[in-house]
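To start, the structure under review is shown below, and the notes come after it.
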Amino acid sequence: MPETPRPDDRPELFTWEFAADPYPAYAWLREHAPVHRTTLPSGVDAWLVTRYADARQALADARLSKNPVHHSGQAHRSGRVGIPGERQADLMTHLLNIDPPDHTRLRRLVSKAFTPRRVAEFEPRVQQLTDRLIDSFAGRGTADLIHEFAFPLPIYAICDLLGVPPEDQDDFRDWAGMMLRHTKPGQPGGQRGGVGRAVKRIRTYLAELIHRKRADLGDDLISGLIRASDHGEHLTENEAAAMAFILLFAGFETTVNLIGNGLHALLRNPGQRALLQESVARGESGLLETGIEELLRYDGPVELATWRFATRPLTIGGVEIPVGDPVLVVLAAADRDPARFSGENTLDLARADNPHLGFGHGIHYCIGAPLARLEGRAALATLLTRLPDLALDADPADLRWRGGLIMRGLRELPVAFTPVGPSGRRDPV
């Protein structure tokens, strides 16, 4: 059993200072209170699991349900658990909220879109999107790599995958921005209630899109879900809309943060960044592949795994968890556990033994991980190749991180570089 810490020893959680660098607080929790009950900013009491071995156990424990009905009804109805607005928009029946056997059935249907073959076929499109976005700011010499690059790249990619027509994709970009409170100047999405409004608009659009696609099926994911439903897989229209919604929500924000956090880590670690640039310039792929895994471990896009609820009494790390209590596995803490990772606070792009939990573990392992890795590799390799002198254009202390419980990502990442033309040719100053 870990020692019982004095109350005045505990670090303060969920402040703006904590958001900027949560890792010292997580190190304290791992050592003194590895399974720690705390009150979240929403007012919900939950257990934080911070050690790697305990985290891995909890992520695969069938006694921890993903379905919020196992929590108190009031917290569920008030939207204090789960994705804001999903209950009001009738979008609850997706992979992050259900258990087997429904989870098994729905995951089997969606997994067909993320096979290695399908993801490999999508690579030219991802590269095309990457180049197009870089072209939009490469000649200027400055950019905000979150707003102009890391944010739109996965939005357009997941829209293509879902089958959202090109003429509607900018609407999706705006709604996604409202969900992240990451909007263009003058847009109202950052105001209170913007998340709920965005979710409702997405729900309405997805219902209309499903009706339209029934008459004109394509080779996209929504068409695939419709075909499965028509061939006896018992997929309701509401389940199809909820599945499309969660693939949009989880599929873009995770990748936004993977690219943004990864670039930030490389800019703050010039030696590792130089090694990666040299490797990419030689046409090698090995360091890029291990580097993506290390960036997922070092400062990953998902800080806490999504909600779990105890359906039976269980013990984690020597602590008894009562029935109905929420459990949040802190991936960011587990992936810097010195009991599992040597040099846990050091960025090592060549790290070979790296079973990080950045995409989860067990039956809820991120189904879109292959696509996120593809987008991350394309984004980093292309930026480092086309803008080789890329540099942070702000004091690191002035960077701001988005508030929120589950995800970890920057609000902006201002950079400067020598302007280049669309072909990669360096323009005269």
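The values are calculated or read from the model by the stated rules, or taken from the named source; none is laboratory data. Only a predicted model underlies this, so the values are computations on that prediction, with no experimental measurement involved. Don't worry about glycine lacking a Cβ; one is built from the backbone with ideal geometry, like all the others, and counts go over all protein chains shown. Side chains included, ligands, DNA and RNA excluded: accessible areas come from the protein's heavy atoms. Shrake-Rupley method; radii C 1.70, N 1.55, O 1.52, S 1.80 Å.
In region 225-237, the residue that is most open to solvent (accessible area, probe 1.4 Å) out of those that are in a helix (DSSP H, G or I) and either aromatic (Phe, Trp, Tyr) or modelled with pLDDT under 75 (or both) is His231. Of the helices (runs of 4 or more DSSP H) lying entirely inside region 249-348, not one is found with 2 or more residues being open to solvent by 40 Å² or more (accessible area, probe 1.4 Å), in contact with an Asp or Glu (Cβ under 6 Å, 6 or more places away or on another chain) and within 23 Å of Leu392 (Cβ to Cβ). Taken together, the residues in region 368-377 that are open to solvent by 10 Å² or more (accessible area, probe 1.4 Å) and either closer than 14 Å to Leu133 by Cα or charged (D, E, K, R) (or both) amount to 2.
For first residues located in region 354-378 and part of a loop (DSSP other than H, G, I, E, B), partners that are among the acidic types (Asp, Glu) and lie 6+ apart or on another chain with Cβ distances below 6 Å form the pairs Asn354/Glu293; His356/Asp335; Leu357/Asp335. Residues of region 68-77 include at least one that is within 22 Å of Arg197 (Cα to Cα), part of a helix (DSSP H, G or I), of a type in the set (D, E, K, R) and at pLDDT below 60.
When region 378-398 is filtered for residues that are of a type outside the set (Ser, Thr, Tyr) and surrounded by fewer than 19 Cβ atoms within 10 Å (Cβ to Cβ), the ones remaining, listed by number, are Pro388, Asp389, Ala391, Leu392, Asp393, Ala394, Asp395, Pro396, Ala397, Asp398.
Residues that are more than 15 Å from Leu314 (Cα to Cα) and either over 20 Å from the mean Cα position of the chain (by Cα) or of a type in the set (Phe, Trp, Tyr) (or both) were ranked within region 42-66; the one that is modelled with the lowest pLDDT is Ser42. All but one of (1) touching a residue at least 12 places away in the same chain (Cβ under 8 Å); (2) under 18 Å from Thr385 (Cα atoms); (3) in a helix (DSSP H, G or I) hold for His147, so report the exception by its number. That leaves (2) as the condition not met. Close Cβ contacts (under 6 Å, 6 or more residues apart or on different chains) running from residues in region 28-54 that are more than 14 Å from Leu304 (Cα to Cα) to residues that are modelled with pLDDT under 95 and assigned to a helix (DSSP H, G or I) comprise Val44/Ala75. Scanning region 260-312 for residues that are touching a helix residue (DSSP H, G or I) at 6+ places or on another chain (Cβ under 7 Å) and without any contact (Cβ under 8 Å) to a residue 40 or more places away in the chain returns a single hit, Ser279.
Just one residue in the set Arg282, Arg312, Arg308, Arg336 is closer than 19 Å to Phe18 by Cα, over 16 Å from the mean Cα position of the chain (by Cα) and not hydrophobic (A, V, I, L, M, F, W, C); that residue is Arg336.
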